[in-house]
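I have placed the structure first, in the form of structure tokens, so that the comments after it can refer back to it.
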Amino acid sequence: MAKLERVIAETKEILRKDTRGLTIREISEKTKVSRITAAMALMKLEGAELIDVRVIGNCKLHYLKYGK
């Protein structure tokens with residue numbers, strides 16, 4: 001499994017367990033990758049319509065869509 005695919009799978013699991021919403025930084029720390037790699041994984045998930053993004057100021061919170 002490629003690194004990005006691994007990060008995408010881990011991110012989905014993290015977001016499934018943590019329903020309060022996470023920032024790119026928090027996801028990168030939990031998956032132990034750079035913020036750039038975490039952002040790429042989140043963009044793929046957002047493009048596949050698997051996550052919702054809520055913008056609060058200059059902070060983005062990422063949530064797994066219900067039932068995904």
**Prompt:** Are any of the residues in region 54-63 aliphatic (A, V, I, L, M) and either touching a helix residue (DSSP H, G or I) at 6+ places or on another chain (Cβ under 8 Å) or in a loop (DSSP other than H, G, I, E, B) (or both)?
**Reply:** no
**Prompt:** Yes or no: LEU45 touching a Leu at 6+ places or on another chain (Cβ under 9 Å) and under 13 Å from LEU4 (Cβ atoms)?
**Reply:** yes
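Working only within region 30-43, note down all residues that are farther than 15 Å from LYS60 by Cβ and touching a residue at least 12 places away in the same chain (Cβ under 8 Å).
Residues of region 30-43 that are farther than 15 Å from LYS60 by Cβ, as a first pass: 30-34, 37.
Hits for region 30-43 are LYS30, THR31, VAL33, THR37.
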**Prompt:** Out of all the residues in region 4-53, which are surrounded by fewer than 15 Cβ atoms within 10 Å (Cβ to Cβ), more than 18 Å from GLY67 (Cα to Cα) and out of contact with any helix residue (DSSP H, G or I) (no Cβ under 7 Å at 6 or more places or on another chain)?
**Reply:** GLU5, ARG6, GLU29, LYS32, ILE36, MET43
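Read-outs: derived from the displayed coordinates by stated rules, not from any lab. For clarity, every value in this text was computed on a predicted model and none was experimentally measured. Cβ coordinates were reconstructed from backbone atoms using ideal geometry, including for glycine residues, and neighbour counts include every protein chain displayed.
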